[in-house]
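The next block holds one structure in the form of structure tokens; read it before the comments.
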Amino acid sequence: MSDAVNLLENYDDATLDQAFTGVMAEATADVATMDAEAFRLHWLGRKQGRLKTISEAWLKSAPAEARKPLGIRFNQLKQQIEAALEAPVAATAQVRGIDITLPGAVRAPGVEHPLLKTMHEIVQVFNHLGFGTNTGPQVETDFYNFEALNFPPNHPARDTQDTLIIADQQSKPARERLLMRTHTSPVQIRTMVEQAPPIRIVIPGKVHRNDAADATHSPIFHQVEGLCVDTNITFSDLKGTLDHAMKALFGSAVKTRFFPSFFPFTEPSADVQISCIFCGGKGCRKCKHSGWIELLGCGMVDPAVFAAVNEQRALAGETSPAYDPAKISGFAFGMGVERIAMIQHGVSDIGHFYSGDMRFLEQFA
Ligand code: DAH
């Protein structure tokens, strides 16, 4: 930034071109170092802006025939300076030419968000066991989110999943009404309607509930669902698979235990607990002194679910019911990605994952 104005020695085109290029180079240097508002004031200020000062000085001492070429060049210069203010980097390249010896713009490579990292880790553990991956829509019908999963209309189990429904759906039949899926389980149904057994898949994705945000809840969160259907699938297969997965995620010293629970779409159902990874099972604040941390839900696929799938496949024109509960069986499970990531990294507030605070995120880079 300089305030001196060099007067012109003569007014031929070559001298003018050189003089104007010099001014633009000065402006370009400034645009790279000044903030936009300071630059605007310094160069384009109406009364004492540099452009104004230079044009007054040059025009005052110019012979009458030089006024027109000067005027044209000042107009162009003004436009160039305004453009430089809009796009400083392009202007720099334009005026200086591209200097290949300058260091390039360094753009730090992005890394996975810690939640996606955990989600991919979970998916990979199951992929290595031979499970494929499937996804489904976040805007779901009542049928896939609830009815086919054996939550009939008005069933009290629906109250455990406070649902965000899409407005103005009353004119549709109940099962076609749209909502934000409250879990990834509807993709179990979508997969079975499309594919005959055997099935081994995991389903990662976003889910939505009308929950108030607090340290452990967020109205939008992530789950990984699992489904295995084949002949002779037993509860031992479920236990062995999940025990392996928990050891792969939390370390081989981790133990699992299965507690009776209830989900409408599995029978029997269980909650899986892992031995507390913070205290090794002795009891601490994190495990509420129980030595165990509850981590996911699971169970054997309820025959009512297979019946809903067969019915849907029949509507789609399938002639034989592929999901005959007398011949096949299956297990399913569903886990919260946030909860697992919080335990893995010792994060105590779920909100950190969504804050976009680089000081938090960079710890996982
Ligand atoms: N969908 C359940 C929920 O969001 C989790 C779950 C439990 C999924 C048991 C399953 C299962 O597949 O078998 O609370």
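The values are calculated or read from the model by the stated rules, or taken from the named source; none is laboratory data. Remember, predicted model here, so these are calculated numbers, not experimental data. Note: ideal-geometry Cβ built from the backbone for every residue, glycine included; neighbour counts use all protein chains shown. The accessibility values were calculated without ligands, DNA or RNA, using every heavy atom of the protein model including side chains. Shrake-Rupley method; radii C 1.70, N 1.55, O 1.52, S 1.80 Å.
Pick out, in residue order, every one of the trypsin sites (Lys or Arg not before Pro) in segment 285-316 that is DSSP loop and has at most 16 other C-beta atoms within 10 Å; say none if there are none. Answer in residue order: 285, 286, 288. The HN-Hα couplings worked out from phi for segment 149-160 by the Karplus form 6.51 cos²θ - 1.76 cosθ + 1.60 (θ = phi - 60°) are 8, 6, 9, x, x, 6, 5, x, 4, 5, 5, 6 Hz, whole numbers, x standing for Gly and Pro. When each full DSSP H helix of the chain is screened for a Cα extent of at least 20 Å along its own axis and an average Kyte-Doolittle hydropathy of at least -0.5, the helices passing are 13-33, 235-250. With a 1.4 Å probe and all protein chains left in place, how much of the accessible area of the chain comes from carbon and sulfur atoms, in whole percent? Ligands and nucleic acids excluded, carbon and sulfur give 53 percent. With each label modelled as a point 7 angstrom along the Cα→C-beta vector, the residue 236-residue 157 pair spans 2.7 nm.
Taking the square roots of five times each eigenvalue of the Cα gyration tensor of segment 230-342, the equivalent ellipsoid has semi-axes of 34, 13, 12 Å, listed largest first. No disulfide-compatible partner, judged by a Cβ distance under 4.7 Å, exists for the following cysteines of the chain: 228, 298.
Shown is the FRET efficiency for residue 15 and residue 358, computed with R0 = 41 Å from the Cβ-Cβ distance and rounded to the nearest 0.05: 0.20.
The modelled label-to-label distance between residue 82 and residue 253, using points 7 Å beyond Cα along the C-beta direction, is 6.9 nm.
Relative to the current alpha-carbon distance between residue 48 and residue 316, full extension at 0.36 nm per residue lengthens the span by 88.8 nm. Once you have a ≥ b ≥ c as the square roots of the Cα gyration tensor eigenvalues for segment 13-96, tell me rounded if a/c is under 1.5, and otherwise prolate or oblate according to whether a/b is larger than b/c. Because a/c hits 1.5 or more and a/b fails to exceed b/c, segment 13-96 counts as oblate. Looking at 123, 296, 100, which one has the Cα that reaches farthest to the positive end of the dipole of the chain (charges on Cβ: Lys, Arg +1; Asp, Glu -1)? The listed residue farthest towards the positive side: 296. Amide H contacts of residue 284: 289, 290, 291, each under 5 Å away and 5 or more positions distant or on a separate chain (H built 1.01 Å from N in the peptide plane; Pro and chain starts excluded). With a simple spin-label model that places each label point 7 Å from the Cα along the Cα-to-Cβ direction, the separation between residue 41 and residue 164 comes to 4.4 nm. Taking the square roots of five times each eigenvalue of the Cα gyration tensor of the chain, the equivalent ellipsoid has semi-axes of 67, 25, 19 Å, listed largest first. Taking 0.36 nm per residue of sequence separation and removing the Cα-Cα distance, the residue 102/residue 3 pair yields an extension gain of 32.9 nm. Quick one: accessible area per residue over the chain, 1.4 Å probe, rounded to a whole number of Å²? On a per-residue basis, 54 Å². Charge dipole (Cα centre; +1 on Lys/Arg Cβ, -1 on Asp/Glu Cβ; no other charges) of the chain amounts to roughly 540 debye.
DSSP beta bridges confined to the chain are antiparallel in about 95 percent of cases.
Mean residue ellipticity at 222 nm, helices only, the chain: -11500 deg cm²/dmol; runs of at least 4 DSSP H residues each add -39,500 (n - 2.57), and the sum is divided by the number of residues. Database remark: amide H of residue 182 closer than 5 angstrom to the amide H of 208 (H placed geometrically; neighbours at sequence offset of 5 or more, or on other chains; Pro and chain starts carry no H).
In this structure residue 33 has an accessible area near 110 Å², from a 1.4 Å probe over the protein heavy atoms.
Both radii come from the Cα set of segment 53-189: Rg as radius of gyration, Rh as Kirkwood radius; their ratio Rg/Rh reads 1.44.
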